[in-house]
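Student: Before we start, here is the structure in question, set down as structure tokens.
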Amino acid sequence: MRLKPSSTNPSQSLKRKSPLQIDRAKRLWKALSLRYPDAHCALNWSQPHELLIATILSAQSTDVGVNKATPALFKAFPSIEAFAKGEPSDIEPFVKTLNFWRNKAKAVVESMKMIQEVYGGKVPSTMDELLQLRGVARKTANVVLGNAFDMNEGVVVDTHVGRLSQRFALTRESDPVKVEQDLMALFPRKNWCQLSHLLIAHGRAVCKARSNSCSDDAICKEFCCEAKRKRSIR
């Protein structure tokens, strides 16, 4: 089976941050950790391959929608081997409620077949190996490594993380890889996986894409540039 080249590793070119930036990041981490002590991956899973599949399915779809689709899917295909023996047409009826369901069904089957044939029926636990699977980029690989294997190889940058990283002045970048580089340089490696959960929790609860409510939130008052701007023009 042909292997694809791995993507660039953001840790190879981390930008050096100032002591003031690092201190600010520490204070933000503490504030978010106190606010959301139970922040965790919102996707439902019990085995690494289930998390991998759920994350593949979550692209351009909500976690809520994925969690509605996966119980029946995982019941019908209870193992990696079961998925590997299937065809995309077998998966499609379970994922039709999700965006790009045809492509996702193909990605699920092909990735499970590769795991079965190349990786001995076990989800690989390295970034390079995960990136060989169809439908897997750094975001998906970081989710699996951080949550299924407790390995901090990077920071998951979804829409919430990207938005809050800019609003909290953690980055000036918009490209997810560059945003990830800035976050990795600001926060200790041991915190990378949990950082994404904290930012996502705050993004969903308070600092939303189309909401003025964050301007009065204690965390946003201190850290969110957009909240400060809104208060200044009242």
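Student: Relative contact order for region 48-148: what percent, with Cα pairs under 8 Å and sequence separation of 6 or more?
Tutor: Working: 108 pairs, mean separation 30.9, N = 101.
Relative contact order here is 31 percent.
Student: Can you tell which of ALA25, ALA39, ALA205 shows the greatest fluctuation in a Gaussian network model of the chain with Cα springs below 10 Å?
Tutor: Looking only at ALA25, ALA39, ALA205, the largest GNM fluctuation is found for ALA205.
Student: Let me ask you something else. Take the chain, connect every pair of alpha-carbon atoms lying under 10 Å apart with a spring to form a Gaussian network, then pick out the residue of GLY162, GLY146, GLY121 with the largest mean-square fluctuation.
Tutor: Top of the fluctuation ranking is GLY121.
Student: Relative contact order (percent) for region 121-200, with alpha-carbon contacts under 8 angstrom and 6 or more residues of separation?
Tutor: Numbers: 87 pairs, mean separation 22.1, N = 80.
Relative contact order, region 121-200: 28 percent.
Student: Using 7 Å Cα-to-Cβ label points, what is the LYS122/SER18 separation (nm, one decimal)?
Tutor: If labels sit at LYS122 and SER18, their model points lie 4.7 nm apart.
Student: Another question, if that's okay. Cut-off under 26 Å on the C-alpha distance; same-chain residues fewer than 8 positions from LYS30 excluded. Which lysines are left, in chain and number order?
Tutor: Cross-link targets: LYS15, LYS17, LYS139, LYS178, LYS190, LYS208, LYS221, LYS228, LYS230.
Student: Could you derive backbone 3J(HN,Hα) for region 69-83 from the dihedral phi with the Karplus parameters 6.51, -1.76 and 1.60 (θ = phi - 60°), listing whole Hz in sequence and x where the residue is Gly or Pro?
Tutor: Here the 3J(HN,Hα) series is 8, 6, x, 5, 5, 5, 6, 6, 10, x, 8, 4, 4, 5, 5 Hz.
Student: Could I ask something else about it? Give me a comma-separated list of calculated 3J(HN,Hα) values for region 148-163, in order, Karplus coefficients 6.51, -1.76, 1.60 applied at θ = phi - 60°, integers in Hz, x for any Gly or Pro.
Tutor: Once θ is set to phi - 60°, the couplings for region 148-163 become 8, 10, 6, 10, 9, 9, x, 10, 5, 10, 9, 5, 5, 4, x, 5 Hz.
Student: Okay, next question. For the chain, what size does the Cα cloud have along each of its three principal axes, sorted from largest down, in whole Å?
Tutor: Cα spread of the chain along its principal axes, largest to smallest: 59, 36, 27 Å.
Student: Here is a further query. Once each part is reduced to its C-alpha centroid, what is the distance from region 59-92 to region 12-32 in angstrom?
Tutor: Their Cα centres are 38 Å away from one another.
Student: Stretch PHE149-LYS85 to full length: gain in nm at 0.36 nm per residue minus the Cα-Cα span? Intermediate values should be presented prior to the final figure.
Tutor: On the way: separation 64, 0.36 × 64 = 23.04 nm, distance 2.55 nm.
Fully extending the segment from PHE149 to LYS85 adds 20.5 nm.
Student: Could you work out how far helix 101-118 tilts from the main Cα principal axis of the chain, as a 0 to 90 degree angle to the nearest 10?
Tutor: 70
Student: Could you pull out every Cys in the chain that lacks a partner Cys with its beta carbon under 4.7 Å away?
Tutor: That list is CYS41, CYS193, CYS225.
Student: Which angle between 0 and 90 degrees, to the nearest 10, do you get for helix 192-205 versus the longest principal axis of the chain when only C-alpha atoms count?
Tutor: Tilt of helix 192-205: around 70 degrees.
Student: Taking each pair of different alpha-carbon atoms in region 9-125 once, compute 1/r for the pair, average those values, and report the inverse of that mean as the Kirkwood hydrodynamic radius in Å to one decimal.
Tutor: On the way: mean 1/r = 0.0607 Å⁻¹.
In region 9-125 this quantity evaluates to 16.5 Å.
Student: Continuing with this model, one more query. Quick one: 3J(HN,Hα) in Hz for region 130-143, Karplus 6.51/-1.76/1.60 with θ = phi - 60°, rounded, Gly and Pro as x.
Tutor: 4, 5, 6, 7, 5, x, 10, 10, 4, 4, 4, 4, 5, 4
Student: Report, by chain and number, residues whose modeled amide H sits under 5 Å from the one on VAL156, excluding near sequence neighbours (fewer than 5 apart, same chain).
Tutor: It is SER196, by chain and number.
Each value in this text was obtained by applying a stated rule to the coordinates, not by laboratory testing. If you're wondering where the values come from, they're calculated on a predicted model, not measured in any experiment. In this analysis, Cβ positions are derived from the backbone assuming ideal geometry, glycine residues included, and neighbour counts consider all displayed protein chains.
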